[in-house]
Amino acid sequence: MDIFVKDMMKKQVVSIDVTLSVKEAAKIMEDTGVSCLVVTQKNIPIGILTERDFVTRITALDKDSTTSVRVVMSLPLISIKPQDTARKLAELMKDKKIHKVPVIDGNQLVGIVTATDLVTKCIIDSDLEMRQICNSFAQMAF
């Protein structure tokens, strides 16, 4: 029996407009308690800004707090569909070496799934397929 992304994604996703500054983005992350923001342009998801981006693309490169999110966000946006399987998600995360994947249906942001969500689902659903997915995912270098 397949486990689908829609069964493990979080539906509450924090997104920001591409025109915001990194300081504004950091404030939103702090206020909402999230570790990433999906970046949109005209309400269409185009990128993602993660805590890692703050370290590698902002702080390490000494970017000013007024720098546009557009300059430092991760591109291209790697996403998945709600009807895709947990196995496809695990393979995507492993291949792209990412931990957070926005869930897109058409052009609409409908959720987000993290490596933690996948591992949690693996622990809860201990059937053979989920164990195989977890074993494959566990080989991913974080």
**Study point:** Total residues in the range 1-23, condition farther than 18 Å from residue 106 by Cβ and in a helix (DSSP H, G or I)
**Key:** 3
Check your understanding: Hey, any hits in the range 51-58 for a residue that's free of Cβ contacts under 8 Å to residues at least 12 places away in the same chain and farther than 30 Å from residue 123 by Cα?
Key -> yes
Check your understanding: What pairs come up if the first residue lies in the range 9-24 and is free of Cβ contacts under 8 Å to residues at least 40 places away in the same chain, the second is assigned to a loop (DSSP other than H, G, I, E, B) and buried (at least 16 other Cβ atoms within 10 Å of the Cβ), and their beta carbons are under 7 Å apart, counting only those six or more places apart or on different chains?
Key -> 14/34
Study note, to complete from the structure: The number of residues in the range 8-28 that are over 19 Å from residue 75 (Cα atoms) and of a type in the set (A, V, I, L, M, F, W, C) is 3
Study note, to complete from the structure: Scanning the range 37-71 residue by residue, the ones that are within 16 Å of residue 113 (Cα to Cα) and in contact with a His (Cβ under 9 Å, 6 or more places away or on another chain) total 1
Practice item. Keeping to the range 82-118, report how many residues are surrounded by 13 or more Cβ atoms within 10 Å (Cβ to Cβ) and in contact with a helix residue (DSSP H, G or I) (Cβ under 7 Å, 6 or more places away or on another chain). Key: 14
Review point. Can you tell me which residues in the range 51-84 are within 19 Å of residue 111 (Cβ to Cβ) and over 16 Å from the mean Cα position of the chain (by Cα)?
Key: 83
Point to revise | Residue among 36, 122 that is modelled with pLDDT of 90 or more and either touching a helix residue (DSSP H, G or I) at 6+ places or on another chain (Cβ under 9 Å) or surrounded by fewer than 15 Cβ atoms within 10 Å (Cβ to Cβ) (or both) | key: 36
Practice item. Could you list, in sequence order, all residues of the range 71-81 that are surrounded by fewer than 18 Cβ atoms within 10 Å (Cβ to Cβ), farther than 17 Å from residue 12 by Cα and in contact with a strand residue (DSSP E or B) (Cβ under 9 Å, 6 or more places away or on another chain)? Key: 75, 76, 78
Exercise for review: Would you check if residue 139 is modelled with pLDDT under 90 and either within 11 Å of residue 8 (Cα to Cα) or touching a helix residue (DSSP H, G or I) at 6+ places or on another chain (Cβ under 8 Å) (or both)?
Suggested key: yes
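The values are calculated or read from the model by the stated rules, or taken from the named source; none is laboratory data. Keep in mind it's a predicted model, so treat the numbers as computed, not measured. Note that we place each Cβ from the backbone using ideal geometry, even for glycine, and neighbour counts take in every protein chain shown.
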